[in-house]
1. Percent antiparallel among DSSP beta bridges with both residues in the protein assembly as shown, to the nearest 5?
2. Counting other beta carbons within 10 Å of each Cβ, put A:Ser222, B:Ser39 in order, fewest first.
3. When you have a sec, figure out the Kirkwood radius of the stretch A:239-368 from all distinct Cα pair distances and drop it here in Å to one decimal?
4. Using label points projected 7 Å from each Cα along Cα→Cβ, tell me how many nm separate A:Glu280 and A:Thr306, to one decimal.
5. Quick one: if you stick a label point 7 Å off each Cα along the C-beta vector at B:Val34 and B:Asn112, how many nm between them?
6. Please turn the phi angles of the stretch A:338-346 into ³J(HN,Hα) values with the Karplus equation 6.51 cos²θ - 1.76 cosθ + 1.60 (θ = phi - 60°), one per residue in order, whole Hz, x for glycine and proline.
7. I'd like the Karplus ³J(HN,Hα) series for the stretch A:252-269: coefficients 6.51, -1.76, 1.60, θ = phi - 60°, whole numbers in Hz, and an x wherever there's a Gly or Pro.
8. What percentages make up the Cα-Cα pair-distance distribution of the stretch A:4-238 when the bins are 10 Å wide from 0?
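Read-outs throughout are calculated quantities, based only on the coordinates presented, and are distinct from any laboratory measurement. Treat the numbers as computed from the prediction; the structure is a model and nothing was measured. Backbone-built Cβ (ideal geometry, glycine too); neighbour counts: all protein chains shown.
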Amino acid sequence: MARVEFRNVRKQFDDEKKGIFTAVEGSNFVINDREFVVFVGPSGCGKTTSLRMIAGLEKQTSGDIIIGDRIVNDLHPKDRDIAMVFQDYALYPHMTIRENLSFGLRNLKKPKTYIEEKVREAAAVLGLEEMLDRKPRELSGGQRQRVAVGRAIVRDPQVFLFDEPLSNLDAKLRVQMRVELADLHKRLGATIVYVTHDQVEAMTLGERIVVMNQGVIQQIASPAELYANPQNMFVAGFIGSPPMNFIDARVLGNSVFVEGTEFALQDTIADGLRAYQGREVILGIRPEHIFGEDVVSSVSGNYRLTKQIKAVEHLGSENLIYFPIGNRTVTAKVHPETVAYPGLSKTFVLDFSKVHFFDPETQQRIEY
Amino acid sequence: MQTQTMTAPPRTPSPFKRFWREYGWAYLFILAPVLLFLSFTLYPVVTAFLMSFQKYNIMNSTWIGLDNYKRMLHDDVFWKSIRNTVIFTIGTVPINIIITFGLSFFIYQMKNSWQTFFKATLYLPTVASGVTISIVWLAIFDPTDSGLLNRLLELFGIDPLIWLGKSNSALLSLMLMNWLGSHGAGIILYLAAMGGIPKSLYEAADIDHASMWTKFRRITWPLMKPTTLYLLVTGVITSFQVFISVYLMTQGGPNFATTTIAYLIYETAFKFYDFGLASAQSFVLASLIIIVSIIQFKYFSSDIEY
């Protein structure tokens with residue numbers, strides 16, 4: 001296995017219609033040996049382009065890509081010792097599963113017995129033994145997905161690349177495959193680079209997550225760190241479901257004011273916001289850190305707001321309550337026993353120990 | 001005294017009426033093509049089949065059993081026409097498919113605008129009639145010095161050839177014309193099929209250490225199989241029925257060197273007015289086409305699903 005490194009990598013496309021556009025800008029990161037790293041971001045953010053550059057399917061405009069100890073800038077995909085699982089699985093429809101699995105090894109002119117052994121091993125790991133003589137069209141989506149993974153693992157590559165491999169599966173199968181992939185990573189101890197637009201997939205699979213937007217890496221951190229300490233409003237809004245609420249606030253003295261309601265700040269926070277005296281800031285609070293006053297447990301301090309409820313969604317294990325603050329709609333994820341219905345005027349308690357403040361201009365989190 | 005009023009049960013429409021209400025329009029719409037098929041395809045085929053067992057005369061046909069078939073099988077020209085047709089088919093269909101596939105593969109690598117240009121250019125001869133093309137090729141094969149092909153040979157110091165007038169070169173000349181003829185429809189089909197192959201298959205192959213040749217041999221060519229089968233079957237059927245070029249350029253000669261089955265059927269029917277024998281020959285041609293098509297489907301068919 002091996003590490004993967006991007007040094008100042010940039011990728012521009014010259015599109016017939018769009019003209020020149022930058023897909024990846026100044027990308028720098030190191031993926032450690034045996035690490036499972038997930039690239040996440042909205043469509044067109046540059047995550048798949050980054051993966052394809054690692055694979056050698058796209059050539060970077062500038063910068064260096066390192067796999068193991070080698071700079072692979074000019075190496076053909078086959079010489080990079082990587083394996084890739086494609087979004088559409090890319091199984092050869094006219095070949096049997098056995099032929100699909102052995103295709104790469106046959107091209108490498110490996111001995112027949114070795115190929116048979118490797119195919120048998122991969123089939124056993126992925127539960128494909130009974131299907132080796134079938135064609136891909138005879139398999140279900142989940143089974144095809146396994147074959148695609150199998151084709152990657154028979155080659156024992158240095159790095160595994162996964163390009164949104166679960167996006168074509170239904171929700172239930174996706175959960176199952178997610179667990180299987182996590183298990184596979186443990187068993188293989190492989191370096192895995194995984195691309196997805198699904199933040200739940202990213203949070204559950206990745207040891208570290210690279211959040212991208214508009215070709216730029218926004219933050220690289222562990223799932224817990226990303227959730228607890230998002231570096232900017234994009235990351236804060238992208239990670240977490242429902243996303244973090246953003247509320248307009250003004251700093252005055254040792255307090256912030258939200259729609260005229262004063263919230264006294266802890267000293268450390270007040271010190272951090274010193275530079276924003278008299279100015280607008282964006283207060284970020286996750287929906288699960290807003291409680292109904294009737295079912296509040298461990299929040300101290302007088303951080304209360306009374307608002308009229310706009311809508312309520314009952315999800316069984318929790319309720320989502322929507323209410324307006326200024327011209328923004330705020331979501332609270334509350335205990336299902338919280339009394340709530342549209343039109344009810346309700347007092348909410350905000351857990352200020354968990355709030356973040358962002359600079360409205362730079363959208364960066366204000367450190368304190 | 002009690003009075004009972006009986007109400008009549010609601011009348012259910014007859015099955016015919018129900019059927020008509022549900023499917024009437026559908027059957028009405030397909031009536032026209034069905035009538036056309038019955039009048040101009042099935043009726044002539046059945047009549048011709050019956051004719052092949054008769055000494056046919058418009059006024060007075062006589063039933064002669066298998067005599068037409070016996071005469072046909074003892075006729076040297078018939079066997080020569082079979083031989084010529086088979087040689088023509090074997091000599092043109094595979095080569096045409098290779099040329100069509102090669103051109104398509106070449107065009108597919110180009111940018112969109114160039115693809116459109118070549119598709120249009122190569123498709124153009126398809127819309128020209130066989131008669132026009134044959135006349136152009138007559139000028140190309142002109143045995144005098146003014147013939148285009150002979151002029152070309154002259155550049156290399158080769159004496160002019162009588163392309164269509166010699167037994168050993170006439171059939172080859174017709175085949176040459178066929179090779180260089182219309183590949184347009186095939187190119188369109190191959191290009192569509194190539195465009196339908198997901199790019200990710202080639203990318204996966206790139207990662208899987210496949211060379212250009214391996215990608216061609218193991219991915220492109222096998223995935224072209226349904227298109228190739230279609231072109232093979234239609235190509236074989238068309239070349240088994242080759243007629244216009246023979247009729248206009250060689251009249252089956254010299255010495256029956258270019259007499260194909262279709263041309264022989266024409267001669268038998270419309271030169272010698274032996275409709276019974278011509279019908280028998282037609283049925284042998286039809287049977288041959290059916291048998292060859294079944295064999296092709298059996299050995300080349302595949303259902304590819306991405």
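1. Working: 60 of 78 bridges.
So the antiparallel bridges amount to about 75 percent of the total.
2. Working: A:Ser222 13, B:Ser39 10.
So the residues, fewest neighbours to most, are B:Ser39, A:Ser222.
3. Details: mean 1/r = 0.0664 Å⁻¹.
One over the average 1/r among Cα pairs gives 15.1 Å for the stretch A:239-368.
4. Calculated label separation equals 2.8 nm.
5. Reported label-point gap for B:Val34 and B:Asn112 is 4.6 nm.
6. So the Karplus estimates, Gly and Pro as x, are 5, 6, 7, 7, x, x, 5, 8, 10 Hz.
7. 9, x, 9, 10, 10, 10, 10, 6, x, 8, 8, 10, 6, 9, 5, 4, 4, 5
8. 8, 32, 35, 20, 5, 0
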